[in-house]
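Student: I have a structure here, written as structure tokens, and I will follow up with some questions on it.
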Amino acid sequence: MIQLTLSQAVTQHVKDHYEEYSIDPNEKLNIYPFLKRSDTLRPTACSWNTPETGLHQFVYVTPSRLDDKEHLLFIKYYFGATEQNSLVYCGTLAASDTTILSDQLNHMKRMANSGTSKKIQIIEILSSLVFRVLDVTKTVKDLELRTGSILVLQLEYPEMAIKPDVPLTGLVWGPYGEEMIPTFPIQHVLTESLFDQAMHGEYTDVIISAPRTSPHEFQFTVHKSVMSLLPYFKSAFTVGMRESSNNTHIVKLEVPINVDQFVFREFLCFTYLRNDSRTAKLSTGLLLSLLRLADYYGFEELVRSVVDVLAKRYSCLTGQMALQLLSTIQPLRFHNKQILKEMVLTYITFNFRDVGKLSTFRELDDEIYETVIDHVSRAILYPNGVQTEESAQ
């Protein structure tokens, strides 16, 4: 067996799991190994040498940006108004030497979900206790930023700011990590036990499987009492769809043809547990498939849960992912669809130089294509959202 280098292994892994990551298998990738620098792990664009597994403890993979953007900056947001003084990872920003931070300010605010109207300042974390306030009117080169630099957005109000004379301990803690530990609601022991029974085929009375014509082969056993909480399945049980002929009252149902095992398992997990925190951890690609399935079954609570998570994923979007998200939600009808649509269109507009080059952009159906072009055109004509006499001409 030929031993792959770490770079080849990571690339192959992404290609094998491209649907989960929402990355086109043919899309060019940038791969950053994390190296120990001072008191923290920081990414580096170094060349790949001998694959020493102990050397690279973490690898960051991102779709390739424009060739002139040679730096990958890590963005965090400081919640000074909370009791925990939380420092939360928001995503990455590709930048070139000539990039001026003020030009990227609104983009970074959207990544942090802080609102574009709020006044913020940006600091660079140099170590666990040392940082500096950045002049956003300067370029990346002037500020001596590089791949791995950690930038923290914070409100300008004095009482909410990180102050140099009172530094936070553990300020860095890995550019990809979070200093805020979320609290998860304790699920009722009964629902957890029922879900565990379903996954092990114990005391169940419904079999749900992939249709014979599906490229996927799987089967789940579930409880009729739980599934009947959803109107679609309650109606199916009432009509008595496909009961087995041996009079054991085991109901057999089939999922839509394009649904795979992983998506339907998450569907069942939410049906039993109603755990929004688990939904928030799912990959964007899996969430899109889950949204389509929830819409198909009319599972409004799951639709709301998925939409709430996707609405906070601006910082995680890629061009490929944004186009996939827009194509997914276009035919669906759910609450807050317009908010999600505007978020995606804003990302595409801001990154149109990259997105417009993707083959999937040229393959969009006419209605979605025209929607994107219209939104980009309006952003160019009315950059401040106001139609002027000059732009009208």
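Rule-based calculations on the coordinates, nothing more; no lab input. Only a predicted model underlies this, so the values are computations on that prediction, with no experimental measurement involved. Reconstructed Cβ throughout: ideal geometry from the backbone, glycine too, with neighbour counts over all protein chains shown.
Student: Rounded to the nearest 0.05, what FRET efficiency do S277 and C316 give with R0 = 22 Å and r taken as the Cβ-Cβ distance? Could you check?
Tutor: That pair, S277 with C316, gives E of 0.80.
Student: A further question on this structure: Report the residues of segment 247-280 in range of a label on S214: point 7 Å along Cα→C-beta, backbone N strictly under 12 Å from it.
Tutor: 253-268, by backbone N distance to the label point.
Student: Using a Förster radius of 45 Å, what is the FRET efficiency between V133 and R265 based on their Cβ-Cβ separation? Nearest 0.05, please. Don't skip to the end; give the middle numbers.
Tutor: On the way: r = 47 Å, r/R0 = 1.05.
Step by step, r from the Cβ atoms, then E = 0.45.
Student: I've got another one for you. Enter the Cα centre distance for the pair segment 273-338 and segment 214-236, rounded to the nearest angstrom.
Tutor: Centre-to-centre (Cα) distance: 21 Å.
Student: Quick one: H249, H71, H13, fewest Cβ neighbours within 10 Å first, how do they rank?
Tutor: Fewest-to-most ranking of H249, H71, H13: H249, H13, H71.
Student: Show me the ranking of peptides 326-334, 286-294 by mean Cβ neighbours inside 10 Å, starting with the highest. Intermediate results must be reported in sequence, preceding the final value.
Tutor: Details: 326-334: 15.4, 286-294: 22.3.
Output ranking for 326-334, 286-294: 286-294, 326-334.
Student: Between I250 and residues 5 or more places away or on another chain, which pairs have amide H atoms under 5 Å apart, with H built 1.01 Å from N, and which residues are they?
Tutor: Correct list: S244.
Student: What percent of all Cα-Cα pairs in segment 71-160 falls in each 10 Å bin, counting up from 0?
Tutor: With 10 Å bins starting at 0, P(r) equals 17, 56, 26, 2.
Student: Between H249 and D366, what length comes free when the chain is fully extended (0.36 nm per residue of separation minus the Cα-Cα distance, one decimal in nm)? If you can, show how the numbers build up before the last one.
Tutor: On the way: separation 117, 0.36 × 117 = 42.12 nm, distance 4.80 nm.
Difference between extended and current length: 37.3 nm.
Student: While we're here: Please list, ordered by chain and number, the residues whose modelled amide H lies under 5 Å from the amide H of N30; skip anything fewer than 5 residues away on the same chain.
Tutor: T62, S64
Student: Let me ask something additional. Along Cα→Cβ, 7 Å out, is where each label goes; now give me the distance between the ones at Q8 and S102 in nm to one decimal.
Tutor: 4.9 nm
Student: How large is ³J(HN,Hα) for each residue in segment 250-265, as worked out from phi by the Karplus curve 6.51 cos²θ - 1.76 cosθ + 1.60 (θ = phi - 60°), to whole Hz, x for Gly and Pro?
Tutor: 8, 8, 10, 10, 10, 8, x, 5, 9, 8, 9, 4, 5, 5, 6, 5
Student: Another question about this same structure. For F131, what residues show an amide H to amide H distance below 5 Å, using hydrogens built from the backbone and excluding near sequence neighbours?
Tutor: Placed amide hydrogens put L126 under 5 Å from F131.
Student: Then there is this: Under the Karplus relation 6.51 cos²θ - 1.76 cosθ + 1.60, θ = phi - 60°, what is the ordered set of whole-Hz ³J(HN,Hα) values for segment 273-285, x standing for Gly and Pro?
Tutor: 9, 6, 9, 5, 5, 5, 4, 5, 8, 6, 5, 4, x
Student: While we're here: Which pairs in the list K15/K281; K138/K341; K118/K281; K141/K341; K224/K281; K252/K337 are over 30 Å apart, alpha-carbon to alpha-carbon? Don't jump to the answer; show the numbers that get you there.
Tutor: Details: K15/K281 21 Å; K138/K341 33 Å; K118/K281 28 Å; K141/K341 35 Å; K224/K281 28 Å; K252/K337 33 Å.
Pairs exceeding 30 Å: K138/K341; K141/K341; K252/K337.
Student: Kindly state, to the nearest 0.05, the FRET efficiency for S327 paired with T116, given R0 = 25 Å and r defined as their beta-carbon distance.
Tutor: On the way: r = 26 Å, r/R0 = 1.05.
So, using R0 = 25 Å, E works out to roughly 0.45.
Student: Let me ask you something else. So what are segment 186-274's ellipsoid semi-axes, whole angstrom, largest first, if each one is the square root of 5 times an eigenvalue of the alpha-carbon gyration tensor?
Tutor: Numbers: eigenvalues 82, 56, 30 Å².
Gyration-tensor ellipsoid for segment 186-274: 20, 17, 12 Å.
Student: Give me a comma-separated list of calculated 3J(HN,Hα) values for segment 102-112, in order, Karplus coefficients 6.51, -1.76, 1.60 applied at θ = phi - 60°, integers in Hz, x for any Gly or Pro.
Tutor: 3J(HN,Hα) across segment 102-112, in whole Hz: 4, 5, 9, 4, 5, 4, 5, 4, 5, 4, 8.
Student: With label points built 7 Å along Cα→Cβ from the Cα atoms of H335 and S359, find their separation and express it in nm.
Tutor: 4.1 nm
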